[in-house]
Amino acid sequence: MTSKRTIVAARRSLGETLKNEFRPLEESAEATAVRGFRFLALTLEQRSAAALPVIAGETAIDLLYSACQRAFEAQAQLRRAHALWPAIAEETGFLAPECDPKGNDDAAPLKLVG
């Protein structure tokens, strides 16, 4: 059986632990969306520069666009999940990270919610 002290320590470290793992996840999703759309634009520009017909590579371009769209949707879902953490912390009494809304690496100190 888990001791009360262990539970308290786990709850105190929960916010920081999750923040440390969640931020790279958000950053990765953002980078994937940005790189994907840049690559898509480059693909269209290069096809045009090579004077290829607009249907050249159509299936691959459609798949690339779909992948980019999904990457952007994943990034948006992560933003929404991030916004829910304070409410979860309030419900449970856990410590929640207070992140700069601009997503800067300098997060405000953790505070006890509830």
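Worth pointing out:
- Qualifying positions in the range 39-53 - free of Cβ contacts under 8 Å to residues at least 12 places away in the same chain and among the polar types (S, T, N, Q): Gln46, Ser48
- Residue count for the range 31-62 satisfying the condition of being within 22 Å of Gln75 (Cα to Cα) and part of a loop (DSSP other than H, G, I, E, B): 0.
- Restricting the range 24-38 to residues that are out of contact with any Cys (no Cβ under 8 Å at 6 or more places or on another chain) and touching a residue at least 12 places away in the same chain (Cβ under 8 Å), the residue that is surrounded by the fewest Cβ atoms within 10 Å (Cβ to Cβ) is Leu25.
- Pairs with Cβ under 6 Å, 6+ apart, first in the range 3-18 and open to solvent by less than 60 Å² (accessible area, probe 1.4 Å), second outside any helix (DSSP H, G or I): Leu14/Phe94; Gly15/Leu95; Gly15/Ala96; Gly15/Pro97; Gly15/Leu110
- Among the candidates Leu84, Leu110, residue that is at pLDDT below 95, touching a strand residue (DSSP E or B) at 6+ places or on another chain (Cβ under 7 Å) and either assigned to a loop (DSSP other than H, G, I, E, B) or aliphatic (A, V, I, L, M) (or both): Leu110
The values are calculated or read from the model by the stated rules, or taken from the named source; none is laboratory data. Predicted, not measured: the structure shown is a model, and the values here were computed from it. Positions of Cβ are generated from backbone atoms using ideal geometry, with glycine treated the same way; all protein chains shown enter the neighbour counts. For accessibility, only protein heavy atoms count, side chains too; no ligands or nucleic acids. Shrake-Rupley method; radii C 1.70, N 1.55, O 1.52, S 1.80 Å.
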